[in-house]
Structures are given as C-alpha cells and as structure tokens.
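All remarks here apply to the structure that follows.
The values are calculated or read from the model by the stated rules, or taken from the named source; none is laboratory data. Just so you know, these numbers come straight off a predicted model, no measurement behind them. Note that we place each Cβ from the backbone using ideal geometry, even for glycine, and neighbour counts take in every protein chain shown.
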Amino acid sequence: MASRATRRSTPALAVTLLTLALSLTAQPSAHAAADRVRLGSAGDVARTSWSGPAFTMNGSGAVVPASMNRAIEQIRGGTGSIDVVVLAGSAPTSGSATPECDTVMGLTGVNSCTTWTLTAASDGNNSQVNTDVRNAEFVYFAGGDQCRYAAWKGTALEASVESVVAKGGGSGGGSAGHHINSPLVYDACNGSVTSSEALADPYDRSISFTTGMFQWPHYDGIVNDSHFVTRDRMGRSMAFAARAAKDNLTSGGAARAVGVEEGGSLFIDRDGMATDYGQDAYVVLADHQPEQATARKPLTYSGFKIWHLTPGSTYDFGDRPTCGYYLRSVTNGKADANLYDGTPVTDCGSSAGSTLAETEPNDTRDTADDASGLPSPATLTGGMKSSSDRDYFKVALASGQSASVQCAVPGAYDADLYWLDSSGSTLERSVNDGAGTDESLTFTRTASGSGTYYVDVEAYNGSGSSPYTCTLTKS
C-alpha cells in the first residue's frame, strides 16, 4: 500500500505538469532574436569627415566587388578605412552566415563589416543595431524580402541609415536591397507580380508601393527593379513608371524605373553620375500621362524612353540626359518586340518636346497632321491600321535648319519612313527590312526662306494597332 504522502503528491504532480504543458502550448511563437556577426576590427573608425555619399544598386543580392570598391574609395577619399554594416531580413539558407561581409572584407579600405539579421519590424528600434549603423560609413541591404525592409519605415533604423549618407557615407543593396534604395519602393507586400500581369492591369493587387522612406541625392522620381533581363521585368517596370506618373507618386508628372540585371551593379557617385558594372542596366522613363492606366484594364502607353547601359557606360542622374534613348510602347497590355535593345536617338535637343498622335484620315498631304508648331524634340505616334496605311505629318523648316526623324517600329509590322517635299517628291528615305526594325533619316534645308515638308510613315508588310513612335528633332 502506498503511503499517505505518496497518494497526496501524485495528483499534485500531475496537475503541475498539466499546467506547465498548457502554459507552454499557449505561448505565441516569438521571432528570432536579432543576430549580430562582426568581422574585422572590434573598434569603429573615428574620423570627422567623409567624401561621399556613394551608392551601389545591384541586380542580385551579392556584393559586386568593382562597384563596391568604387564606393569605398569615394567615401574614404583614398585614405583611411571605413566600417560597413550589412542588414538582412533573414539568414542565408546555405553556405556562409555572412556572404556579403566575406566579400567586403577582401576589399581595400575596410576596417570592419558587421552583419545584422533582423526578422521583425521592431528590430528597427534595437539600440545596438542603430549604434552599429550610425558608426558605419556604408550600409548594404542584402537580398531577400523588401517588404520586411519597408516595415522599418518610421523606426530609428530609417533615421540611422539616413545619417550615414548625410555624413558622407553611403548605402546600397542587391535584389530586395536594390528595391528599398529607391524613393518609390515596389514593396511586394502583396506578393510578386510578373510583367504580363502588370501590363494586363497596372493596378493588380500584387502591385503595392512604399513611399517616403529613403530619398538619396539626385535619385528622385525613381522605382528600382532587379533580376531584370533574366526574369523579364521590363514590362512590369513600364507599368510601375506609368502608374507612378498617372498617380503623382513622383513629382513633375514623370517617373523612371531603374532595372539592373543579375550580377550587374550601378555605382553612383556624390554628383549623381552612375557607372554600370558587371551586367546591363536600364533606365525607363515615362514622361507623359498614359493613354490608358485604369484598374482592371490593360495598360496603353506610347513612347517609353529607354536607356540601355552596358558595363562601363554611364548615366547622369544629376543632369539627366535628354538623348540616347530608344522608344518602346505598350498597347492594350501588349508590349512592343525587342524591349531590351533598340536604336538610340542621338540628336534630341534640350527641350522635353511634346507628343502628337495621328488622327485619321491622314493618308495624304492634304490631310496631314500638323507638327510644324511643336517644340523640338517632338514625338509623333500612330499605327499601321492596314497593310496599305500611310500616315503624313506636316513639318516646317527654315533655311539651313536640319531635321532628324527616328522611328521605333513595333514587332507587329514592317513600316518604312520617307521625307517628302511640298509636292510629294521623296528627298530622303529609310526602308530597312523586317518587322519591328527601326527607321531613321536626316535632312537639311539649303534653300532660302522656310519650306514645308512631310514625314510619311508607310506600311510595307503587315499591320496592327501597336503604335510606332517617331522622334522629330530640329537643329
């Protein structure tokens, strides 16, 4: 027989264990604590001034040594060393726990590199994180999930990163880290969107933006995109830029998307001059209102201006170019062919110009659309509605004045370009073969006085509603 003590303690123990089990199962799962790994010197550099800011915008998560080295050199002014902090929203799934810092520590001029893995919005107010960031001279946002980074808006961490740039340091990142470094952030908080989905509906629920987080010098009016060519993201960047212009998410009625390919990086110096490294990058400009950008309707936009940057080439965000772009359009959600390459316009003048869309019937000189009064450069748009369609635009030139016409032709048809005198005689022509092949010509008036001329765009093979876009420049 069991003793009295044993009989009394057995149910008491059972109740205790049951209470403990219920207590454990009732507790909510806590997020992982912020994790810190520091490489290099344990002490931070002490210095009163720095020579930045400088930025690196990468198409994938990894640090690109060449552009990072440029940023380090800019910030330290060629002497001394800097401290770097890497911010990550999750730990790497394989390999090193500090892949970005592993690369950074191999570069000249680095005193330390600290990786912080932060998994909750509240980590943005972690005092040690903010101390490390404020003592650093460069902050690199790792790849991952830009929605997690956007959740740090309004925390102490946002202000800490801004303080690094303000003192002459820098910021950058890859993939999600590239996204978060633009003033208009495609945050993907409602899921990722493809190009076809975004063009079919630029207000798709998966397209969500965060504004008002980071605004870096010379980098206003921009939404970043990554993995650009590999994941075919030109279409969605067009939709982002068109919607930003439509909804005044950027100032001045214009918006740019900056897309960087995997393995590529844009180094941007303190004056806003960007240099491309590794792989190609693109700047996509929407400088007018879309013809159609409405919820649950496909996008129509004529004449996106696209700059294609190859390794070693530059783009000046401080004094943004008005030339060197090629033109592509979207009609009812369908983008032109050859989105990632085109014949650049090389003579664009200094004016932003204006757009003239054809109005049918304009199949003769007598019914031509009048482009004479448009400022240069002017954009002329239309479509080859049938296989015999001809579109005429009237142009006036003074003595000694030159005109160039460069037309981006969609892949739906082959169109030819003619420059006619007032009687309809052909003075110049461009008749390149192949659907989607661009056309261009130039002409200089040598006669005295002013004269009337006509731009004639003719269907050669095929037809369709996809618009061509011609840039008319006078000089």
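Quick rundown of the values:
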quantity	calculated
Residue that is farthest from Ser402 (Cα to Cα) [pool: residues in segment 312-353 that are at pLDDT 85 or above and acidic (Asp, Glu)]	Asp336
Residues within segment 407-443 that are loosely packed, with under 13 Cβ neighbours inside 10 Å and more than 19 Å from Asn338 (Cα to Cα), tallied	5
Matching residues in segment 140-165 - criterion: being farther than 20 Å from Ala91 by Cα, in contact (Cβ under 8 Å) with a residue 12 or more places away in the chain and hydrophobic (A, V, I, L, M, F, W, C)	Ala156, Val161, Val164, Val165
Residue check, Phe209 surrounded by fewer than 23 Cβ atoms within 10 Å (Cβ to Cβ), among the aromatic types (Phe, Trp, Tyr), in contact with a Leu (Cβ under 9 Å, 6 or more places away or on another chain) and on the phi < 0 side of the Ramachandran plot	yes
Hits in segment 285-307 - residues which are over 20 Å from Thr56 (Cβ atoms) and part of a strand (DSSP E or B)	Leu285, Ala286, Gln292, Thr300, Tyr301, Ser302, Gly303, Phe304, Lys305, Ile306
Among (1) at pLDDT below 90; (2) assigned to a loop (DSSP other than H, G, I, E, B); (3) not polar (S, T, N, Q) - the single one Leu356 does not satisfy	(2)
Condition met for Leu327 (assigned to a loop (DSSP other than H, G, I, E, B), among the aliphatic types (A, V, I, L, M) and touching a Gly at 6+ places or on another chain (Cβ under 8 Å))	no
Yes/no for Asp102 being assigned by TED's automatic domain parsing to the domain that holds Ser163, under 18 Å from Ala33 (Cα atoms), among the acidic types (Asp, Glu) and modelled with pLDDT of 95 or more	no
Qualifying residues in segment 373-385 (those that are small (Gly, Ala, Ser) and assigned to a strand (DSSP E or B)) - the one nearest to the chain's Cα centre (by Cα)	Ala378
